[in-house]
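Asks: Got a structure for you, questions after.
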Amino acid sequence: MADTAQYLTLGIDQELFGIDIRNVREILDMRPISKLPHAPAFLLGMIDVRGAGYPIVDLRTKLGLPRTEPTDATRIIILDVPVKGRTLGVGFVADRVFEVTGLDADQTEAAPDVGGRWQSNYIAGIGRKGEAFIVVFDLERLMEADGLPLADLAAGKAA
């Protein structure tokens, strides 16, 4: 019998992604975000959640997609993201959040190596749910490439 892991499924543009449910703290409705001067395009700013500050990442921009205006379905997913041996609280903006679903380990494949400029380093695997493919994020690799001082932002040391 295959091991089954639980994933929060979310939509960005027309694609379906998964985040290991063990990394998810909570899901929030979209709310005003305080902008940070000179931040990279994918870093929307900071929000306060019950007295704690969280940097907010626009997944669309992070994945190289054009930014869009939030809709009623837009959500902020507060996550525990491993970064350089530490766990940091970070919020991801997703176009929509669907459900928690199980993926069997034997139904999850590695990202295809097609060469070229396609960035697959943030993909932990690709699972199947019925006819759909779910791209599972490797959160650490997704966040480490930019050299952004998320640890300082999450600790409230933003300039």
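All of the numbers you see were taken from the coordinates with simple rules; none came from a lab. Here the structure is a predicted model, which means the values were calculated and not measured. Glycine gets a Cβ as well: all are built from the backbone with ideal geometry, and neighbour counts include every protein chain shown.
Asks: Which loop-located GluC sites (Glu not before Pro) does the range 43-132 contain, where loop means any DSSP state but H, G, I, E or B and the Cβ has at most 15 other Cβ atoms within 10 Å?
Replies: Working: sites: GLU99, GLU109, GLU131; in loops: GLU131.
Loop-located and lightly packed - GLU131.
Asks: Amide H to amide H, which residues 5 or more places from ILE123 or on other chains are under 5 Å from it, using H placed in the peptide plane?
Replies: Placed amide hydrogens put ASP138 under 5 Å from ILE123.
Asks: While we're on this one: Starting from the Cα of ASP80, step 7 Å along the direction of its Cβ; do the same at HIS38; then give the gap between the two resulting points in nm.
Replies: Output for this residue pair reads 3.3 nm.
Asks: Oh, and also: Can you tell me the Rg and the Dmax, both Å, for the Cα atoms in the range 32-89?
Replies: When restricted to Cα atoms, the range 32-89 yields Rg and Dmax of 12.2, 36 Å.
Asks: Loop only by DSSP, 13 or fewer other Cβ within 10 Å of the Cβ. Give me the trypsin sites (Lys or Arg not before Pro) in the range 34-72 that pass, ordered by residue number. Mind showing how you got there, number by number?
Replies: On the way: sites: LYS35, ARG50, ARG60, LYS62, ARG67; in loops: LYS35, ARG50, ARG67.
Answer by residue number: LYS35, ARG50, ARG67.
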